[in-house]
1. When Gly222 is evaluated against the numbered criteria (1) under 28 Å from Gly22 (Cβ atoms); (2) within 18 Å of the chain's Cα centre (by Cα), which criterion, by number, is the only one it fails?
2. Looking only at region 69-92, filter to residues that are in contact (Cβ under 8 Å) with a residue 12 or more places away in the chain and among the charged types (D, E, K, R); which one of those is nearest to Glu165 (Cα to Cα)?
3. Please count how many residues of region 28-87 are over 30 Å from Leu373 (Cα atoms) and basic (Lys, Arg).
4. Taking region 341-370 as the region of interest, how many residues are farther than 21 Å from Ala28 by Cβ and surrounded by fewer than 17 Cβ atoms within 10 Å (Cβ to Cβ)?
5. Confirm whether Arg48 is of a type in the set (Lys, Arg) and either at pLDDT 95 or above or buried (at least 21 other Cβ atoms within 10 Å of the Cβ) (or both).
6. Would you call Ile221 surrounded by fewer than 20 Cβ atoms within 10 Å (Cβ to Cβ) and either in contact with a strand residue (DSSP E or B) (Cβ under 6 Å, 6 or more places away or on another chain) or outside any helix (DSSP H, G or I) (or both)?
7. Sort through Cys253, Cys308, Cys282 and tell me the only one that's within 15 Å of Phe59 (Cβ to Cβ) and in contact with an Asp or Glu (Cβ under 9 Å, 6 or more places away or on another chain).
8. Out of the residues in region 58-115 meeting the condition of being under 28 Å from Ser180 (Cβ atoms) and among the acidic types (Asp, Glu), tell me which one is surrounded by the most Cβ atoms within 10 Å (Cβ to Cβ).
Amino acid sequence: MQKALSSSAFSDSKPHYELLDGLRGVAALLVIWYHVFEAFATSPIDQRFNHGYLAVDFFFILSGFVIGYAYDDRWKTTMTVKDFVKRRLIRLHPMVVMGAILGACTFYIQGNEKWDGSQVSLSALMLAMLLNLFLIPAIPGSKVEVRGNGEMYPLNGPSWSLFFEYIGNILYALFIRRLSTKSLALLVSLSGIGLAAFAIFSLSGYGHLGVGWTLLDYNLIGGFLRLMFSFSAGLLMSRVFKPVKIRGAFWICSLVIAVLLSVPYVGNKELSWINGIYDSVCAILLFPLLVYWGASGKTTDKWTLRICKFFGDISYPVYIVHYPFMYLFYAWVWNNDLTFGQVWPVALLLFFGNILLAYLCLKLYDEPIRRWLSKRFLSKK
């Protein structure tokens with residue numbers, strides 16, 4: 001662990017695990033490529049870059065670990081539920097607002113059209129943006145579900161994971177932090193069993209964990225299982241963590257994450273349980289191990305440290321801002337029946353353009369507004 005503060009830190013934050021920040025950035029960048037390849041898939045089975053959705057499970061584990069490390073020992077001294085909620089809102093919500101605004105702008109540029117070509121009124125668009133600003137899910141088929149494919153947040157799809165992140169934070173502040181380590185281990189075990197059963201018995205319809213983004217079918221159950229296992233597992237790890245010696249942890253873990261998230265679908269429609277086993281092994285066994293390794297590792301050179309800090313700083317902004325532009329990309333690809341071989345230069349431009357946009361949002365919007373909000377609403381302890 002490096003004695004340095006990332007852009008996400010408050011003035012009284014503990015030193016960050018810089019390697020974990022860097023790994024979060026690696027996963028966020030891989031999510032962009034996962035979404036790029038969605039444009040050329042007809043189902044979750046034939047998508048070439050297939051398992052990028054598992055990055056969310058990795059994010060939830062990281063979140064639980066970091067929150068447990070940062071706050072567990074403060075509740076008996078300076079921390080209150082009110083202060084904790086304010087801190088999490090200040091940390092997360094400015095970019096939620098930015099994502100909703102970008103989503104509304106790109107939807108308007110796209111012609112205010114649903115995927116089926118029908119028009120959406122400006123009033124419905126504004127109401128959809130208002131709901132996204134406050135992370136209120138859109139009911140599938142309702143007027144404010146403006147894209148018509150069932151997304152909880154049709155202007156910026158990835159906001160669904162922030163919905164669950166907020167729920168996890170609230171549950172932690174009110175209940176989970178009070179659990180003994182044994183009780184927390186039991187919660188992790190039970191939710192892990194539920195998560196594996198969900199994937200292996202194919203409640204998603206495809207034997208995978210790419211669920212939680214809609215209120216349709218079993219998505220809400222799947223999203224809660226993903227949150228409860230991963231977030232609780234991260235909290236448990238923060239309590240029992242004892243570092244081990246591992247050299248080159250950032251590069252090893254980054255390579256493993258890249259491989260795990262890019263593997264094609266395992267099995268087929270009739271053998272979807274095989275992919276369910278793969279997803280379960282990644283989420284329940286391998287991701288906690290990667291977090292443990294990442295937390296144990298130390299950066300020994302300034303170059304790696306700079307990469308980790310940069311990746312960590314842009315990880316959340318890039319995750320939030322990239323998807324509104326994916327909607328434009330999808331429309332262009334589908335309307336013109338294009339292949340990846342025809343559009344890869346645009347895909348690269350989309351990738352690096354989103355990194356640049358994320359950095360600009362971080363420096364010109366997110367960091368300044370969080371500093372102002374912290375001074376305005378956080379009492380000094």
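The values are calculated or read from the model by the stated rules, or taken from the named source; none is laboratory data. As the structure is a computational prediction, the values presented were derived from the model and not from experiment. In this analysis, Cβ positions are derived from the backbone assuming ideal geometry, glycine residues included, and neighbour counts consider all displayed protein chains.
1. Single failed check for Gly222: (1).
2. Result: Arg88.
3. 1
4. Restricting attention to region 341-370, the residues satisfying the condition of being farther than 21 Å from Ala28 by Cβ are 341-343, 345, 368.
This time we only want the ones that are surrounded by fewer than 17 Cβ atoms within 10 Å (Cβ to Cβ), so: 341-342, 345, 368.
Looking only at that region, the number is 4.
5. Details: of a type in the set (Lys, Arg): yes; either at pLDDT 95 or above or buried (at least 21 other Cβ atoms within 10 Å of the Cβ) (or both): no.
Criteria not met by Arg48.
6. Taking the combined requirement at face value, the residue does not satisfy it.
7. When all the criteria are applied, what remains is Cys282.
8. So, considering only residues that are under 28 Å from Ser180 (Cβ atoms) and among the acidic types (Asp, Glu), the one surrounded by the most Cβ atoms within 10 Å (Cβ to Cβ) is Asp83.
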